[in-house]
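The next block holds one structure in the form of structure tokens; read it before the comments.
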Amino acid sequence: MSATAVTPEASVSPRTVPPHPSGRRRRSTSSVVATSITYAILVVLAVVYIMPFLIQIATSFKTDADATANPVSLIPQVWTTAAYTKLFVNSDFPIWFGNSVIVTVFVTLGRVFFDSLAGYALARLHFRGRSVVFAALVAVMSVPMVVLLIPKFLVINQLGMYDSYTGMILPLLTDAAGVFIMKGFFESIPASVEEQARIDGAGTFRVFWSIVLPMARPALITIIILSFQGSWNELAHFIISTQDPALTTLTKGVAGLASGQLSQGSQYPLKLAAAAIMTIPVAVLFFIFQRRIMNSSEGAVKE
């Protein structure tokens, strides 16, 4: 057999031709254009999203005539705090605010405690009927809340809790969505972190309270925000659980302003001033904890 001769020309790999500078410039230009278009779209969406809130704030400092004549103007013709003065001095707004604070604080604390307890039980404890309980929980989440208003009213009235803080708070102390969130987070925590505590003689509640619950801080913060927002903005439940004016909450009171409760006219500044004040607590809470919402990497344990 004769060996095939390899010529020097064939053994030399083809020379890599560097890309032309004009090609790099074209790619760079197209990338800048795409990025600029993306940011422009985001800015437009942000302006559209925040515009109603800005109109709300501006209108709350207008007179009734100015708000009616220029409803979407961001600059009042005459700056006035008459709407806020009327809310805090000539109305029951402070009582509404106080009732909302009381209900929201108790409901938030209750949901954090009971939702985490129920979520831990469904995630860690093995008992007969656990799958049935979880299926019922999912079923409750799929039921519209408006369907439960009449049964809820009948139960509250039958138990003698109508027109009381108990009737306003007790039915809201747990929610299916919160239990579902806590169950999912507890299942993501390795069971091995609880074994040492059990070896040392810790009971189920001790393990839950001292070991597992501190690790569930991201889920707890999520529950706090959702519970605070849900109970602060709740309306339907308070309509069917109370009729005493002394127990009126912000949502119920502000809804009454739409029917001309305090004076005649459009009352746009009055309504939007009340809505702006209602927005502040939820917005502050969200901006404080927004980076910690369901940060599942926090507290993770490697096995």
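The values are calculated or read from the model by the stated rules, or taken from the named source; none is laboratory data. Note that this is a predicted model, so its numbers are computed, not measured. Reconstructed Cβ throughout: ideal geometry from the backbone, glycine too, with neighbour counts over all protein chains shown. Just the protein is used for accessible areas: all its heavy atoms, side chains included, with ligands, DNA and RNA removed. Shrake-Rupley method; radii C 1.70, N 1.55, O 1.52, S 1.80 Å.
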Practice task
From (1) modelled with pLDDT of 90 or more; (2) surrounded by 16 or more Cβ atoms within 10 Å (Cβ to Cβ); (3) not in a loop (DSSP other than H, G, I, E, B), pick out the condition that doesn't hold for residue 271.
Solution key: (1)
Practice task
Could you tell me whether any residue of region 60-80 is over 14 Å from residue 248 (Cβ atoms), of a type in the set (Ser, Thr, Tyr) and touching a Pro at 6+ places or on another chain (Cβ under 6 Å)?
Solution key: yes
Fill in the blank from the handout: All conditions in (1) without any contact (Cβ under 8 Å) to a residue 24 or more places away in the chain; (2) within 14 Å of residue 171 (Cα to Cα) are true of residue 113 except (2)
Completion exercise
Considering residues that are closer than 20 Å to residue 145 by Cβ and open to solvent by 80 Å² or more (accessible area, probe 1.4 Å), the number found within region 175-202 is 1
Exercise for the section: Test residue 255 against the criterion of being surrounded by fewer than 18 Cβ atoms within 10 Å (Cβ to Cβ), touching a residue at least 40 places away in the same chain (Cβ under 8 Å) and out of contact with any Gly (no Cβ under 6 Å at 6 or more places or on another chain), and give yes or no. Expected result: no
Practice task
Return yes when residue 231 is at pLDDT 90 or above, among the small types (Gly, Ala, Ser) and surrounded by 14 or more Cβ atoms within 10 Å (Cβ to Cβ) and no when it is not.
Solution key: yes
Completion exercise
Selection from region 58-85 of residues outside any loop (DSSP other than H, G, I, E, B) and either out of contact with any helix residue (DSSP H, G or I) (no Cβ under 6 Å at 6 or more places or on another chain) or open to solvent by 70 Å² or more (accessible area, probe 1.4 Å) (or both) yields 58, 64, 65, 66, 68, 69, 82, 85
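For region 117-128, indicate whether the set of residues that are open to solvent by 80 Å² or more (accessible area, probe 1.4 Å), among the aromatic types (Phe, Trp, Tyr) and over 24 Å from residue 224 (Cα atoms) is non-empty.
Here is the first cut: in region 117-128, the residues open to solvent by 80 Å² or more (accessible area, probe 1.4 Å) are 126-128.
Still in the running and among the aromatic types (Phe, Trp, Tyr): 127.
From what is left, the residues that are over 24 Å from residue 224 (Cα atoms) are 127.
Within region 117-128 (the criterion being open to solvent by 80 Å² or more (accessible area, probe 1.4 Å), among the aromatic types (Phe, Trp, Tyr) and over 24 Å from residue 224 (Cα atoms)), the answer is yes, since at least one residue qualifies.
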Exercise for the section: Six or more apart or on different chains, Cβ under 6 Å: which pairs go from a residue in region 208-235 that's over 30 Å from residue 153 (Cα atoms) to one that's of a type outside the set (A, V, I, L, M) and surrounded by 20 or more Cβ atoms within 10 Å (Cβ to Cβ)? Could you list them? Expected result: 208/120; 216/185; 219/185
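Scan region 135-159 for residues that are hydrophobic (A, V, I, L, M, F, W, C) and open to solvent by 60 Å² or more (accessible area, probe 1.4 Å) and jot them down.
Going residue by residue through region 135-159, those that are hydrophobic (A, V, I, L, M, F, W, C) are 135-141, 143, 145-150, 153-156, 159.
Scanning region 135-159 gives 138, 140, 141, 145, 146, 147, 148, 150, 153, 154, 155, 159.
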